Every structure is written in C-alpha cells, then in structure tokens.
Amino acid sequence: MRLLSFLAGLALALWATLAPAQDFKPAVVFDMGGKFDKSFNEGVWNGVSKFIEETGVEVMEFEVTTETQREQAMRRMVERGATLVLGVGFAQADAIDAVAKDYPDVQFAIIDVFWLDQPNLRQYQFREHEGSYLVGVAAALTSETGKVGFIGGMDIPLIRKFACGYVQGAKAARPDIEIFENMTGTTPAAWNDPTKGAELAQSQMDRGADVIYHAAGGTGLGVIRAVADAGELAIGVDSNQNGLAPGNVLTSMLKRVDVAAYDTLMDAMNGEFSPGVVVLGLAEDGVDWALDEHNADLITPEVKAAIEAAKAAIVAGEVKVHDYEADGTCPF
C-alpha cells in the first residue's frame, strides 16, 4: 500500500509539473523576409528553436509575406488555441495591439515595440545604438582610407538610431573619420532588396569607403556580397553574420532577439509571464559585438581593446550613447 501511495503521489506531482506545458500553446508570427533571412527574423527563430529543443513543446508559426497577413495570422493562431502569440518586429505593432485587446485572456509579446498599452502584452526594446557604437569604433580604427559607410533598410527612427550610434562610436575613436549614410527606401520592401543593397554599397565604395555597416535585413545580404566581392569589409547586424563572408565581415552587431524570444516562451510556459516593457542593452547582454573564428584575424589586439574599453565605459555610465528615437536628432 505504501508503494502504491508513493507511486500515486509521484504520478500526481509529475502531472502537476507537465500540465502547464501541456496546456501551453505558443505561436510566433515572423515578419517579411522569412525566418531564415540570416538576420532579424532568423535571430528570433534561433531562440524559438532552442526552446523547442529543450522542452519538446510545439510552436505554431507563420511567415508574413504581405502586410495584411499580420493581424489575420495572429487571429488565426488564437482561434487555433494559442495561449501566447509572439510578434516579430515593429511593423506588427498595430496588429498585435488590436488582437491583444480583443483577447484579454491570451498572452502576447512583441519585439521592437515599446509604446503600446495592453495589460496582456510584453514589449521588448533594445539599445541598438549602444551596440552600433561598438562596431563604429571597430570600423573607424580598422579603416585604411579614413572613410566608412552605413546602409539602412527602411528609413525610420529605429534605423536612424543604429546609424547615429555608429557615427558617434566611429567619431569617438577617430574624429577625422568620414562617414557615408544611405537608406534603402521608405516602404517595407526596403528590408528585402539585396540588389539595391549591393548598389548602395558599391556607390559608397566608389567614394572610398572600405568598411560598411548595414542595418537592412535581407537587403544587407546584398551589401555583404558586394563588399566581399570588392575585397573590402562589411559589418553584419542582428544575428552573427561573420560566417556569411569569412575574412570580409569585420564583425556583427548582435541584437539578442533570440534571448527575447526564448525568455518569453519559457516565462509563459512556467507561469512567469509578465506584461510591460523590457529594455535590453549592453548591460543586460541584449546587444554586443561578435568575435569568432571567421573574423579573429581581422580584429587586432588594439582594436579589440578599444571596443572592450568602450563597452565597459557605456555599461558604467561613463559614456552616454545618444538615442535618436528619444529626440529625433543625431548631433554628431
């Protein structure tokens, strides 16, 4: 009898542990460019896939190809029983705001949004300007021509935030550095135009730029290819893109959207989900720069020391990186 009682108690405890996971039905809506875009969406997918591997929990997913699909996809996920819906990117803000309002008992989260106000919504904001400052230091100190470039995707305050941090870091490291800046376009198509990215990169290289940083999603793949073909150096973004052109990608500005996705899923599964805005910068390991076997030979000890010194100063509050989104200006 004691053995039976013990086994019954053990079974009950196991059921109590598994029940939340069994009732948990998460979903993720990737934005245009797809989950294998080698950049922003893929960073989120890395976090989602890590969650799946560790827990065995199935995650419903949808890859948006048109703007009208965002809200439709979220509503469809809820209708299929989703208890948590994760939206990828600021372009999904209006959609997730509307759906979260209509389904107050469902949990929602979104990356790159911080201005919504729903009691069942978690929002992630990143200090991209801090990570961009670091790669700006790397670009300026590595450039042989004294000219570097920045190519953004859609011309919006968020991407201007990347650019401004990059400019500040480059000029802090090398005051006489010359910086070229281009945006790809003003519509969502700007995120997925590698041909235009390559053209803009070539234009900057024709003017002397030998290091070019992109924050342009799929468009940035064209930037990297063009820069590598010319024998110059690119800087990747969001995911670690060093391996896309080993020897021609100086570094990548890491935006840990994978951490945001993974934490959201784990918290919701474990009953620890909380709404509100989560801000991730250098101090929280939310942004960083990438050093691995693909770019180790490109980063000199002096450049590495300068980057790490800048990182420490930012984390300590000794260096304040200007946030373009705060006032719509870049004073550098």
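All of the numbers you see were taken from the coordinates with simple rules; none came from a lab. Bear in mind that the values here come from a model prediction, so they are computed numbers and not experimental data. Counting neighbours? That spans all protein chains shown, and the Cβs are built from the backbone with ideal geometry, glycine included.
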(request) Holding the Cα-Cα limit at 18 Å, pick out from Lys38/Lys304; Lys25/Lys50; Lys161/Lys255 the pairs that are longer than that. (result) Lys38/Lys304
(message) Here is the link list: Lys147/Lys320; Lys35/Lys320; Lys147/Lys196; Lys147/Lys311. Which ones come out longer than 32 Å on Cα distance?
(response) Lys35/Lys320
(request) For the chain, calculate the relative contact order in percent as a whole number, restricting contacts to Cα pairs under 8 Å that are 6 or more residues apart. (result) 19
(message) Looking only at the chain, where both bridge partners belong to it, what percent of the DSSP beta bridges are antiparallel (to the nearest 5)?
(response) 5
(message) In whole Hz and in residue order, list the ³J(HN,Hα) couplings for the range 199-207 that follow from phi through the Karplus curve 6.51 cos²θ - 1.76 cosθ + 1.60, θ = phi - 60°; x for Gly and Pro.
(response) 5, 5, 4, 4, 4, 5, 5, 4, 8
(message) Please list, ordered by chain and number, the residues whose modelled amide H lies under 5 Å from the amide H of Val249; skip anything fewer than 5 residues away on the same chain.
(response) Ala234
(request) Taking the Cβ of each residue in His294, His214, His322 as the centre, tally the other Cβ atoms inside 10 Å and list the residues starting with the fewest. (result) His322, His294, His214
(request) With θ set to phi - 60°, apply the Karplus curve 6.51 cos²θ - 1.76 cosθ + 1.60 along the range 77-94 and write out the HN-Hα couplings as whole Hz, x wherever there is a Gly or Pro. (result) 5, 5, 5, 8, x, 4, 9, 9, 10, 9, x, 10, x, 4, 5, 8, 4, 4
(request) Would you kindly derive the ³J(HN,Hα) couplings of the range 289-299 from the backbone phi angles with the Karplus curve 6.51 cos²θ - 1.76 cosθ + 1.60 (θ = phi - 60°), listing them in order in whole Hz, with x for Gly and Pro? (result) 10, 9, 10, 8, 5, 7, 10, 4, 6, 8, 9
(message) Please rank Phe332, Phe273, fewest neighbouring Cβ atoms within 10 Å first, as an exposure proxy.
(response) Phe332, Phe273
(request) Let me see the pair-distance distribution of the chain: every alpha carbon pair, 10 Å bin width, integer percents in order. (result) 6, 26, 31, 21, 11, 4, 2, 1, 0
(request) Starting from the Cα of Thr195, step 7 Å along the direction of its Cβ; do the same at Phe332; then give the gap between the two resulting points in nm. (result) 3.4
(request) Mind sorting Val29, Val106, Val321 by how few other Cβ atoms lie within 10 Å of their own Cβ, fewest first? (result) Val106, Val321, Val29
